[in-house]
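These notes are about the structure you will find just below.
Values quoted throughout were computed directly from the atomic coordinates according to the rules given, and no laboratory measurement underlies them. Predicted, not measured: the structure shown is a model, and the values here were computed from it. With ideal geometry, Cβ positions are generated from the backbone for all residues, glycine too; neighbour counts draw on all protein chains shown.
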Amino acid sequence: MAIRERLSGNEAVAYAIKQINPDVMPAFPITPSTEIPQYVATYIANGEIDTEFIHVESEHSAMSATIGASAAGARALTATSSCGMALMWEELYVAASDRLPIVLALVNRALSGPININADHSDSMGARDSGWIQIYAESNQEVYDNFIQAFPIAENANVHLPVMVCQDGFITSHGVENILLVEDEKVKAFVGEYEPEHYLLNPNEKMAVGPYAVSNYYMETKRAQREAMIAAKQVILDVAKKFEEMTGRKYAFFEEYRMEDAEYAVVIIGSAAGTCKAAIEHIRNTTGKKVGLVKIRVFRPFPEEEIAKALSKVKAIAIMDRSEMFSATGGPLGAEVRAALYQAKCNAEVVNYLYGLGGRDITTDDFETVYANLEKMAQTHEPIGMYEYIGLRTEQAKEAE
Amino acid sequence: MEQTAYNFKEVMSKPERLAPGHRMCAGCGGTITVRNVLRALKEEDKAVIGNATGCLEVSSFMYPYTAYEDSYIHNAFENAGATLSGVETAYNVLKKKGKIKDTYKFITFGGDGGTYDIGFQSLSGAMERGHDLVYVCYDNGAYMNTGTQRSSATPQYADTTTTPAGTVSAGKVQVRKDLAAIIAEHHVPYVGQTTFTSNFKDLYTKAQKAIYTPGAAFLNVMSPCPRGWGYEPSEIMTICKLATDTCYWPMFEVIDGKWILSYEPKKKLPIEDFLKPQRRFKHLFKKENEELIGKFQEEVDKLWEELKNRCN
C-alpha cells in the first residue's frame, strides 16, 4: 500500500534520497534547495542512512566532489539552485563528458541579477547544452516520482549520463501537498544496488578519468555523448513503464492534457501547468472551446518528433518560456518547439510568450488571455504579442493583449 | 607511523609509478616531484592520483595514453582538493559497506597556479574537512602551462610574461604568498615544505609522512622549471641547492602544530647566488636595480628569522 503523506517538494526529494540511501552527497546551502541537504544531514545524524555527506565550501566543489565520488564508484548526488548551479557550470560539462551517472536535485530559481530567490528556469535552461538529462515536475508528487526514476535512467548501460531532476523554487519546493509515497523496499528494489562497471577503486582494473583530448579525439567524445542522449529516450520510457507498473502513475516525455480534441494548445514546463489546467477546465466548462496543454517533462533529450506529433492537429500554439535567453526573438522552449514544428511542416499559428520570471505569478486569467489570443490568431493568421512578457506590471503588458 | 632508515639505492630501485613516455619537458621539476612522492607509497598499497589542470596533467594523460600506474583522475584547474575529497569519501563508504578490501591512498598534484590561486578555496575546504589525502603542490612559481604568467607563488621581481621587466617595471611587485604556513594554520596533522636535495631523502621522508599520517596533509615542493626560470636543465640540482643554502626556500615541516626546521645551511649564502643563474632575475643585475637585490635579501632574512622563531 502506498503511504499517504503531506510533504513539500524538498521534503519529498529528501525522502526519496533516504529511501535510495546513496553513498555520497556533497552539498552547499542555497535557497531554495537548502532544505534537501538539511534533511539528508538529519537522516545521517540519526543513523537512518549510510550516506556520507561532504560539507563542501562552494557549489563548484559540490559538483567536483560529486564527480570524484561517482568516478570512484559511489552512487553520488547533490542539490542546488540558481547561482549555485551557475558556479558549478564548468563541472556540469565535465560530469557529462566523464559519463558519470550523477543525479542533481535542482530547485529552479532565477539567476542574478538582480538577485532574486524565486522560481524561474534560467538556471537549468542555461545548462541545457551541458549534456545532462533534464526532467521537470509540475507537482511534489511528480518531483518525488522523477527522483526515484533518475538513478535507473542515469546508470543504464546505454545511457551513463547525469540527470537533473528539476522542480520550481518555493512553488513546488516549499509548497506542502498531499503525496503518495512508495514503500521503502519497493523503492530500493526499483533503484537497485549500484554496480558500476568501470571505476577508480575497482580492485581488478585501474582507470584514468578526465584526459586531455586534442582535436583528433574530442569530437568523438561529443558524438558518443549524443548517442547516449538519443539512447536515453527509450530508457526514460522503459523506466517510466516500470514505474507505472509499481505505482500506477504514468509518465512520458510530456503530459498531454485535454489534447484529444484540442484546437488551441499551450506548451509549458513546470508548476504553471497546474494553473493552466485550471484555466482549461474553466474555459471548456464555460465556453466549450477546445483548449489543451502539452506539459514538457523531459527537455533533454528533447522529444522533437513526439512534440510535433502531439501538436499536429491544433490551429494555434502558445509556447510559454519561464526564462529569457536574450536572442531578442524568444525563449529557449519557444526556439526548440518552433524548430520541431517547422521540421514536421506544421501549419499551426505559433506564438512564444515569457512569463513568471523571478517568481512572478501567472494566473488563470493570464492563461485565458493566452487562449483568447490563440483563437484570434487562428482567424487572422497573425501572431499576437510574439515574444511578449505575460503579467508585466507596466504599460508594456498591454502589448500582449 | 613506522620510520625506516633511508636507503637511497633501495628507494630509487622501487618500481616507478609514473611511467616513462609522458610529454613533460626535459629536466622538469614537476615530474621529479611526482616520481619521488609516488616512491613513498608502500608497494602493496593502491592509490588514486588526482591532478589539477596544468603542465603535468596535459603531458601525462593525453588521450588515449596515461603515464600513471595507479588509478588517476583529472577534473579541472581549481578543484583538485574537492575532487579527491569525493574520491576519498567514496572509498570510506565503499569500504564500510564491504565493497572494497584493498588499502588505497589518495594523493593529488597541482601546480602553484592551481594550488595557491584558483584552487586555493577547494584546497582549503579539503584541508579543513580533514580528508585522509595528500595535496602536493609542485611549486614552480608561475603559470608555466600557459607560458610563465605570474602567480601568487611567483617571487618578487621575477620577470614573467604578465609582469615583464621593462623600462619602468622591475618585474613582479608583490612578495610570495606563504602557502605552507597558511595550510599549517588549518591545523592539519602534517605540512611539509621541501625541494630536491642530493639524495632526495627530505622529499621522500616528507612524502612518506604525508601519505601515512592519518588525515589531511600538504606538501609544498619547490619544483624548478628550466623554461620559466631560464637556466640550463642540467643545473636543476644546483638551483635547488642554492635555493636552500640562501634560505630562499627553507625546508621545514609542521607536525600536529609543531614547527620543525629540516635544514639550516652551515653558511647562509647571499641571495645573489640563487638569483644570478636565472634569466627571470637578469634585470636585477643591472646597475639601476642594485638596491632591489638588497630588498630581496631583506625579505629572505625576515622570513628566515620568522621561521626559525616558529621552529624554536
Counted neighbours (other Cβ, 10 Å), sorted fewest up, put A:Tyr353, B:Tyr72, A:Tyr251, B:Tyr63 in the order B:Tyr63, A:Tyr251, B:Tyr72, A:Tyr353
B:Thr167 neighbourhood, Cβ < 12 Å, K/R = +1, D/E = -1, net charge 0
Result row for chain B, helices from DSSP H with C-alpha axial extent 20 Å or more and mean Kyte hydropathy at least 0.0, is B:80-96
With +1 on the Cβ of every Lys and Arg and -1 on the Cβ of every Asp and Glu, the dipole magnitude of the protein assembly as shown about its Cα centre, in debye rounded to the nearest 20, is 1600
Between the residues B:Thr160, A:Tyr39, A:Met25, the Cα farthest towards the positive end of the dipole of the protein assembly as shown, that dipole coming from +1 and -1 charges on the beta-carbon of Lys, Arg, Asp and Glu, is from B:Thr160
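In this model, which of A:Lys233/B:Lys99; B:Lys206/B:Lys276; B:Lys266/B:Lys302; A:Lys186/A:Lys277; B:Lys241/B:Lys286 are farther than 23 Å apart at the alpha-carbon? Each step should come with its number before you reach the end.
Details: A:Lys233/B:Lys99 32 Å; B:Lys206/B:Lys276 29 Å; B:Lys266/B:Lys302 18 Å; A:Lys186/A:Lys277 31 Å; B:Lys241/B:Lys286 25 Å.
Long pairs (Cα-Cα over 23 Å): A:Lys233/B:Lys99; B:Lys206/B:Lys276; A:Lys186/A:Lys277; B:Lys241/B:Lys286.
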For the protein assembly as shown, percent of DSSP beta bridges that are antiparallel (nearest 5) comes out at 30
Most exposed first, judged by fewest Cβ atoms within 10 angstrom, B:His22, A:His198, B:His131 run A:His198, B:His22, B:His131
Neighbours of B:Lys96 by Cβ distance under 11 Å: Lys/Arg at +1, Asp/Glu at -1, summed charge 0
Note on region A:60-187: alpha-carbon gyration tensor, axes a ≥ b ≥ c; rule is a/c under 1.5 for rounded, else prolate if a/b larger than b/c, else oblate; result oblate
Toy charge model, Lys and Arg Cβ at +1, Asp and Glu Cβ at -1: region B:176-250 dipole around Cα centroid in debye, rounded to 20, equals 120
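Give the calculated FRET efficiency between A:Glu281 and B:Asn92 to the nearest 0.05, with a Förster radius of 45 Å applied to their Cβ-Cβ distance. Intermediate values should be presented prior to the final figure.
Details: r = 53 Å, r/R0 = 1.18.
Once rounded, the FRET efficiency stands at 0.25.
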Label model pair A:Thr394, A:Thr380: point-to-point distance (7 angstrom along the Cα→beta-carbon line) in nm is 2.3
Charge tally for neighbours of A:Ala110 with beta carbon under 15 Å away, counting Lys, Arg as +1 and Asp, Glu as -1, is -3
Among B:Ile260, B:Gly228, B:His283, the residue whose Cα sits farthest towards the positive end of the charge dipole of region B:172-312 (+1 at Cβ of Lys and Arg, -1 at Cβ of Asp and Glu, taken about the Cα centre) is B:Gly228
Restricting to aspartates and glutamates and to Cα separations under 16 Å from A:Lys250, and discarding same-chain partners fewer than 8 apart, the set is A:Glu138, A:Glu142, A:Asp145, A:Asp238
Classified through the alpha carbon gyration tensor (a ≥ b ≥ c as square roots of its eigenvalues; rounded if a/c is under 1.5, else prolate when a/b is larger than b/c, else oblate), region A:246-401 comes out rounded
Once the in-chain neighbours fewer than 8 apart are removed, the aspartates and glutamates whose Cα is under 13 Å from B:Lys105 read B:Glu43, B:Glu44, B:Asp45, B:Asp70, B:Glu88, B:Asp132
Hits in region A:203-239: amide N under 19 Å from the 7 Å Cα→Cβ extension of B:Arg23, namely A:208-222
Helix A:272-287: inclination vs chain A longest Cα principal axis, degrees, rounded to 10, gives 30
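For chain A, give me the percentage of DSSP beta bridges that are antiparallel, rounded to the nearest 5 percent.
Approximately 25 percent, going by the DSSP bridge assignments.
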Between A:Ala252 and A:Thr363, the FRET efficiency computed from the C-beta separation at R0 = 30 Å comes out, to the nearest 0.05, as 0.60
